[in-house]
1. Can you tell me which residue is surrounded by the most Cβ atoms within 10 Å (Cβ to Cβ) among those in region 58-83 that are outside any loop (DSSP other than H, G, I, E, B) and within 16 Å of the chain's Cα centre (by Cα)?
2. Could you please give the count of residues in region 112-157 that are surrounded by fewer than 21 Cβ atoms within 10 Å (Cβ to Cβ), at positive phi and not hydroxyl-bearing (Ser, Thr, Tyr)?
3. If we scan region 228-242, do we find a residue that is part of a helix (DSSP H, G or I), of a type outside the set (A, V, I, L, M) and buried (at least 22 other Cβ atoms within 10 Å of the Cβ)?
4. Do you know which residues across region 84-111 are buried (at least 16 other Cβ atoms within 10 Å of the Cβ) and polar (S, T, N, Q)?
5. Could you list, in sequence order, the residues of region 1-23 that are part of a loop (DSSP other than H, G, I, E, B), farther than 22 Å from Ala111 by Cα and at pLDDT 95 or above?
6. Can you find a residue in region 152-160 that is among the β-branched types (Val, Ile, Thr), touching a strand residue (DSSP E or B) at 6+ places or on another chain (Cβ under 9 Å) and without any contact (Cβ under 8 Å) to a residue 60 or more places away in the chain?
7. Name the single residue that is surrounded by the fewest Cβ atoms within 10 Å (Cβ to Cβ) among those in region 158-189 being modelled with pLDDT of 95 or more and of a type in the set (Asp, Glu).
8. Hey, among the residues in region 24-57 that are small (Gly, Ala, Ser) and in a helix (DSSP H, G or I), which one's surrounded by the most Cβ atoms within 10 Å (Cβ to Cβ)?
Amino acid sequence: MPVLLITGASRGIGAATAKLAAARGFDVAVNYKSDEQAAAEVVAAVKAKGRKAVAIKADMGKEADIERMFKEADALGALTHFVYNTGIPGKAGRIDGASPAMMREVMDVNALGALFSVQHAIRRMSKKHGGQGGAIVLLSSVAADIGGPSEYVWYAASKGAIESMTYGLSKELAGDGIRVNSVSPGASETRVHADAGTPDKLARIAPMIPMGRAGKPEEQAEAVMFLLSDAASYISGTILRVAGGR
């Protein structure tokens, strides 16, 4: 049976992906940082589909937490799929007024957390390490292309790093039987903008989106699940933009 570990899976795109994965036959390890109740609800939704699930509390900004998360996910069986969905925006503003500690945290969680996590995933999934192979999806953002001016250049930079990882890892791991792709969401109905201190952003930018609205987490989840699935068996190193034409 396929076993999927999703980071940041208690809400938003991560939660939607976990529920969709369960409907498609995956057992799911649900990582969360602090919202135990929300994670428990996602686990319950996965189990309601007849699949196994476990909630794992771990901070993607801490190497020890990441290592423990993978060890706890091993309880579901051999890992075959991994999604790095965790991403924090920091506090919105111009870079000349940004806190160095805040920017460091964003890079630690969004970029280094992804690198450390991929290390652990590869050691479990790679055919060279005795694994079955599989697929990895990293969550980027259209901010990597737009740059986040006057709001969060540091966040955009961290997502640019995600896309570079996708290109490099897809080539490095092709011989290991692991495909690596990225989904790049546009404005989505998640809490990221509220977390950044710009809760009105979706309303502000909706007119600039060709389709005239923000995306739904379920729409992003469909893209993630496609890239994880056998339907994408010859796709690796691809950034799939899911942004309503933006």
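1. Within region 58-83, the match that is surrounded by the most Cβ atoms within 10 Å (Cβ to Cβ) is Val83.
2. 3
3. no
4. Hits for region 84-111 are Asn85, Thr86, Asn110.
5. Let us first name the residues in region 1-23 that are part of a loop (DSSP other than H, G, I, E, B), namely 1-2, 7-11.
So of that shortlist, the ones also farther than 22 Å from Ala111 by Cα come out as 1-2.
Matches in region 1-23: Pro2 only.
6. First pass over region 152-160, keeping only residues among the β-branched types (Val, Ile, Thr): 153.
With the extra rule that they be touching a strand residue (DSSP E or B) at 6+ places or on another chain (Cβ under 9 Å), the set shrinks to none.
No, every residue in region 152-160 fails to be among the β-branched types (Val, Ile, Thr), touching a strand residue (DSSP E or B) at 6+ places or on another chain (Cβ under 9 Å) and without any contact (Cβ under 8 Å) to a residue 60 or more places away in the chain.
7. Checking each candidate, the answer is Glu172.
8. Ala39
The values are calculated or read from the model by the stated rules, or taken from the named source; none is laboratory data. These figures come from a predicted structure and were not determined experimentally. Don't worry about glycine lacking a Cβ; one is built from the backbone with ideal geometry, like all the others, and counts go over all protein chains shown.
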